[in-house]
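Asks: One structure follows; several queries about it will come next.
Each reported figure results from applying straightforward, stated rules to the coordinates on display, with no laboratory input. On a predicted model such as this, the values are computed, not experimentally measured, just so you know. Here the Cβ is made from the backbone with ideal geometry for all residues, glycine too, and neighbour counts use every protein chain on show.
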Amino acid sequence: MSLQQDIIAKLGVQPQIDVDREIRKRIDFLKAYILKSEVKGLLIAISGGIDSAVATGLCQMATDELTQEKGKEYMTVGVFQPYGVQEDIEHSYAVARAFQVKHQMETNIEEAVDEISLEAEYGLKHIGVHKHLSRSGKGNIKARTRMVVQYAIAFELNLLVVGTDHASEAITGFFTKYGDGAVDITPLSTLNKRQVRQIAAKIGVPQSILDKAPTAGLWEGQTDENELGITYDDNSSYLEGKEIDPLVREKLEKQFLKTEHKRASIPGI
């Protein structure tokens, strides 16, 4: 088995999908886990990107169906988490409107992130390291702070925290382990980015979201493809078992091997 075949098998990606069947399967998956966990619904952070938009749509459909079937309300709570002023925050609200998310809240993480950053810098000074946190270091704090807030809200409302991770992120390790990666359930995990887009088009994700460049929003102007130097088109083709440029293939496989620790559970002895 080639490394490409091994990666595809590990991540569970299909070469092509039946979009309607995948939507139904993932809604049923969410419904079953809500009932098994005996919770009141789902919490999803709506970033305004395509991944969170698709996850939001699936969550809302799942809780709407359960509410109708069980005769009591199951909630989808949409959380918007800007750092200070987020220029594209309207995209997040557009997703919530598109899927009629009734329960919405905005939690600004700027003050918390800045305080954590200062405390970390003070800590570094104590061991003789006088520096500001790196741009990527502070970006990781943003991701982790968002998760702390999500879990605080989910705990109070008895909800599951939904992640937006999918195979095109998993292969590159492009998530913050136990930050963006620590969630209760991941309804997109065996899809690549192209397949996420197919589902997005089917369920009615707004066109403004479909047209956006993928970004984790870690700093101004940051995009996933520029950060990694790998396009999602090549990434998705690789995960579908197709041939891609050998240089891109090598870079993608090196990224996968380098980030294996991010996909693994915490080791112990």
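Asks: So how do 130-143, 46-59 stack up, highest first, on mean other-Cβ count within 10 Å?
Replies: Output ranking for 130-143, 46-59: 46-59, 130-143.
Asks: To continue, here is another question. Can you grab the distance from the C-alpha centre of the stretch 239-253 to the C-alpha centre of the stretch 16-78, Å, no decimals?
Replies: 33 Å
Asks: Which value results when the Cα radius of gyration for the stretch 81-141 is divided by 2.2 N^0.38 Å?
Replies: Cα-based Rg divided by the globular estimate yields 1.57.
Asks: How long are the three semi-axes of the equivalent ellipsoid for the chain, computed from the Cα gyration tensor as the root of 5 times each eigenvalue, in whole Å, largest first?
Replies: Each semi-axis is √(5λ); the values are 28, 26, 18 Å.
Asks: At 0.36 nm per residue, and after removing the present C-alpha to C-alpha distance, how many nm does the segment from E38 to F155 gain when stretched out fully?
Replies: The E38-F155 span can extend by a further 40.8 nm.
Asks: Calculate, in nm to one decimal, what L133 and A9 gain on full extension: separation in residues at 0.36 nm each, minus their alpha carbon distance.
Replies: Residue separation times 0.36 nm, minus the Cα-Cα distance, leaves 40.9 nm.
Asks: Something else: With r as the distance between the Cβ atoms of T231 and K202 and R0 = 35 Å, compute the FRET efficiency 1/(1 + (r/R0)^6) and round to 0.05.
Replies: Taking R0 as 35 Å, the efficiency between K202 and T231 is 0.95.
Asks: Here is a follow-up. HN-Hα J couplings of the stretch 12-20 from phi, Karplus 6.51/-1.76/1.60, θ = phi - 60°, integer Hz, Gly and Pro as x?
Replies: Here the 3J(HN,Hα) series is x, 7, 8, x, 7, 10, 8, 4, 4 Hz.
Asks: Using the Cα gyration tensor of the stretch 94-189, with a ≥ b ≥ c the square roots of its eigenvalues, what is the shape: rounded (a/c below 1.5), prolate (a/b larger than b/c) or oblate (neither)?
Replies: Since a/c reaches 1.5 and a/b is larger than b/c, the shape of the stretch 94-189 is classed as prolate.
Asks: Mind listing the long-range amide H neighbours of V77? Cut-off is under 5 Å, sequence gap 5 or more, other chains count too, H placed in the peptide plane at 1.01 Å from N.
Replies: Here the answer is L42, L43, I44, since their amide H atoms fall under 5 Å of that of V77.
Asks: Any idea how far apart M1 and Y178 come out in nm if each label point goes 7 Å out from Cα toward Cβ?
Replies: The answer from the label model is 2.9 nm.
Asks: Shifting gears a bit: Label the stretch 26-178 by shape, choosing from rounded, prolate and oblate, from the square roots a ≥ b ≥ c of the eigenvalues of the Cα gyration tensor; if a/c is under 1.5 it is rounded, and otherwise prolate applies when a/b is larger than b/c, oblate when it is not.
Replies: Prolate.
Asks: Please compute the modelled spin-label separation between T107 and R21, points set 7 Å along Cα→Cβ, answer in nm with one decimal.
Replies: Taking the two extended label points, one gets 3.8 nm.
Asks: Still on this structure, I have one more. According to the square roots a ≥ b ≥ c of the eigenvalues of the Cα gyration tensor, what is the shape class of the stretch 96-255, taking rounded for a/c under 1.5, prolate for a/b larger than b/c otherwise, and oblate for the remainder?
Replies: oblate
Asks: Calculate, for N140 and K251, the FRET efficiency according to 1/(1 + (r/R0)^6) with r their C-beta to C-beta distance and R0 30 Å; round to the nearest 0.05.
Replies: According to the calculation, E is roughly 0.85.
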